[in-house]
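Taken together, the values in this text are just the output of simple stated rules run on the coordinates, not laboratory data. These numbers come from a predicted model, not from an experiment.
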Amino acid sequence: MDNPAIARLDAAITRVENAIAARRAADALLERRHATLKATMAQAVAALDTIIANTAEPEVKG
C-alpha cells in the first residue's frame, strides 16, 4: 500500500539529512581552513618577532 504522504515525508527527511551532511562537511572544511590560517599567521608573527629582535637599533649621535 503506497501512501503519497509518507513518500513526501520520506523525501523531506532525505533532503534534511542531505542538508545536515553538507553543512557538517562545510563546517569541517572551514575548521581546517581556520587551523591552517592560524598556523600560518603564527609562523608569520614569529618570523616578524625574529626580525625585530635581530634588528640593530640605529646609533643616536648627539
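Quick check: Cα centre of segment 1-19 to Cα centre of segment 37-62, how many Å?
60 Å
Given Cα positions, please report Rg to Rh for segment 7-62, the hydrodynamic radius being the Kirkwood one.
Value, to two decimals: 1.60.
Using only Cα atoms, find the angle between the long axis of helix 4-54 and the longest principal axis of the chain, and express it within 0 to 90 degrees, rounded to the nearest 10.
Rounded to the nearest ten degrees, it is 10.
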